[in-house]
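What follows draws every value from the coordinates through simple rules; no lab data is involved. Just so we're clear, the structure is a prediction, and the values are computed from it rather than from any experiment.
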Amino acid sequence: MREALFTTSQDVPRPRVEVFRFFSDPANLERLTPPWLGFRILTPAPLPTGAGAVFEYRLKVHGLPLRWRTLIETWEEGHRFTDLQLRGPYALWHHTHKFIDLPGGGTRILDRVRFRVGWGPIGSLVTSLWVRQDVERIFRFRQVIIERLLGPA
């Protein structure tokens, strides 16, 4: 199966440094994840940050309990970071978070997710029927929460 690509952006009226700080705090991930996923961070506090940090999560996908391990692969303080799934439901999950100053203030949040389910042709079917819609639904939820927490564009 070929990898799929999902991108989205959102503008918020907060300075880039503040927005980066919010997103780079792993504790905020639970706030940004829809409750129907039952997402919980298993890594004990204090949570690590920066390149090389590894996190363990628990979640449910369509009722199926899963564990997920993520590596912070790249880290450019105040500008971007990338997380890579080491173990979990995907054959590939590579998520780049990027933060750009907007003219006149505010920040544009850019997300780029490369993902692949695996399982050959069956994975392609599963992705087209469910996975892409699930990813879009998760990010729509996240945008609502971001607007609530960081303000509308």
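Pick from GLN143, GLN85, GLN133: which is most flexible by mean-square fluctuation in a GNM of the chain where alpha carbon atoms under 10 Å apart are linked?
Result: GLN133 has the largest fluctuation of those listed.
Going out from 0 in 5 Å bins, what whole percent of all Cα-Cα distances in the chain drops into each bin?
Bins of 5 Å from zero give 2, 9, 17, 23, 22, 16, 8, 4, 1, 0 percent of pairs.
What's the extension gain from LEU71 to ARG21 if we count 0.36 nm per residue and subtract their Cα-Cα distance?
16.2 nm
What is the chain's relative contact order, in percent, from Cα pairs under 8 angstrom and six or more apart in sequence?
Reported relative contact order: 30 percent.
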